[in-house]
Amino acid sequence: MTDAGSHAGRVALVTGAGRGIGRAIADAHAAAGAGVIYLDHDRALAEEAARVAMARGWRAVAVAADVADEASVAAAVRHGTETLGPVTLLVNNAGISPKSGSAGGKAFVWEMQAAEWRRVLDVNLTGAFLVTRAVVPQMREAGYGRIVSISSVAGRTYCDIVSVHYAATKAALIGFTKHLAGELGPSGITVNAVAPGRIDTPLMRGTAAEANEAVRLATPLQRLGTPDEVAGMCLFLTSDKAAFVTGQVCDVAGGWLMT
């Protein structure tokens with residue numbers, strides 16, 4: 001974990017920050033000294049997370065937005081920036097993975113509805129584009145920026161516990177990351193992706209226990225990951241210690257995928 005105070009003077013925007021991995025990432029940045037914009041589609045979750053952060057003496061503000069909606073994103077970024085200052089650190093974490101299959105699990109392509117496909121792409125991929133586009137001008141003006149997008153090992157190899165729309169968006173985020181790294185490098189902005197494996201979150205615990213056990217057994221470290229371990233990688237990538245790291249995909253998967 002990066003030292004406390006390592007991000008002092010910076011402002012971070014974390015999407016999907018109301019719970020789980022997103023909240024761990026937001027909290028880690030706040031603890032490291034950054035002002036943090038806790039963005040979530042659920043206003044109550046965002047406000048509770050920011051309230052707890054401020055009670056700890058951290059700088060924080062809650063904003064509610066649907067990352068797939070351009071106007072909603074613009075309003076949220078404007079409010080967060082007016083409160084804490086220009087954003088130079090961004091973590092695109094917001095994402096959905098509907099369990100709409102016939103047995104309440106993953107949906108196979110032959111049973112997937114087009115509306116569901118579009119919604120997953122809108123949130124997981126277009127959302128990252130809209131939020132990134134909204135803050136990049138602030139980073140370019142500062143001549144400094146760090147962008148991290150949360151992909152998945154499912155975007156790098158076949159994973160039989162997720163559906164094709166989720167995997168497609170996570171793979172697309174890797175291409176998004178690499179191309180942006182080339183575009184934004186001359187402006188002093190690094191762009192990287194983090195690809196978690198199976199992470200122990202309340203949402204994950206609602207899935208079939210046998211699926212989680214199968215992943216655990218296939219993982220060399222023989223356990224699931226924690227949100228704090230994903231947050232630690234993000235915190236490194238948004239720090240000055242990672243100033244010469246860009247266009248990379250960093251797995252946090254306990255060795256589940258080795259390439």
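Provide the packing ranking of 176-188, 221-233, 17-29, 84-96, i.e. peptides ordered by the mean count of other C-beta atoms within 10 Å per residue, highest first.
17-29, 84-96, 221-233, 176-188
Please report, to two decimal places, log10 I(q)/I(0) for region 130-256 at q = 0.21 Å⁻¹ as given by the Debye formula with identical point scatterers on the Cα atoms and no solvent.
Log10 of I(q)/I(0), two decimals: -1.19.
Less than 13 Å apart at the alpha-carbon level, and either on another chain or at least 8 residues along: which aspartates and glutamates does that give for LYS170?
Of all the aspartates and glutamates, those that pass the test against LYS170 - Cα under 13 Å, at least 8 places apart if same chain - are ASP122, ASP251.
I'm a student and want to see the number: the projected area of the Cα convex hull of region 20-157, averaged over all directions, in nm².
Approximately 9.5 nm², given one-decimal rounding.
Every number in this text was worked out from the coordinates using simple rules, so none of it is lab data. Quantities reported herein were computed from a predicted structural model and do not represent experimental measurements. All Cβ positions, even for glycine, are placed from backbone atoms using ideal geometry, and neighbour counts span all protein chains on display.
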